[in-house]
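The next block holds one structure in the form of structure tokens; read it before the comments.
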Amino acid sequence: MKSIVADNLSNIIKEKCLKQCTVAEKAGYSKQQLTDMLKGRKRIKETDILRLASALDVDVSVLLKTEADSKQSDEATRKKTPGCASVRKVVKN
């Protein structure tokens, strides 16, 4: 079963326009290990949360947010954060 942490990880990876293999490598995991965590095949432990939060440069509390918490902060964040397409245009130029 997928966890709240797995859902939050997936969302952060997408929002930051990152690749799973990059995040996995930075956190010290193989791509398959991260994929297993994201799909609920591997349980995400406290030590995993710390390593992944560091790799994503986010506070641990961001990974632990519930859906209700996320909805409130997502609305504010979306107004401030450009999408992946905007980021790619800036990087290319």
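The values are calculated or read from the model by the stated rules, or taken from the named source; none is laboratory data. If you're wondering where the values come from, they're calculated on a predicted model, not measured in any experiment. So basically every Cβ, Gly included, is an ideal-geometry build from the backbone, and we count neighbours across all protein chains shown. Each accessible area value is taken on the protein alone, full model and side chains, heavy atoms only, with ligands, DNA and RNA left out. Shrake-Rupley method; radii C 1.70, N 1.55, O 1.52, S 1.80 Å.
Looking only at residues in the range 34-70 that are surrounded by 12 or more Cβ atoms within 10 Å (Cβ to Cβ) and of a type in the set (Gly, Ala, Ser), the one that is farthest from the chain's Cα centre (by Cα) is Gly40. A residue that is among the basic types (Lys, Arg), open to solvent by 70 Å² or more (accessible area, probe 1.4 Å) and farther than 19 Å from Cys84 by Cβ occurs somewhere in the range 11-33. Within the range 45-59, residues that are over 14 Å from Glu25 (Cα atoms) and in a helix (DSSP H, G or I) reach partners that are open to solvent by less than 20 Å² (accessible area, probe 1.4 Å) and β-branched (Val, Ile, Thr) with beta carbons closer than 9 Å, at six or more positions or on different chains, in the pairs Ile49/Val5.
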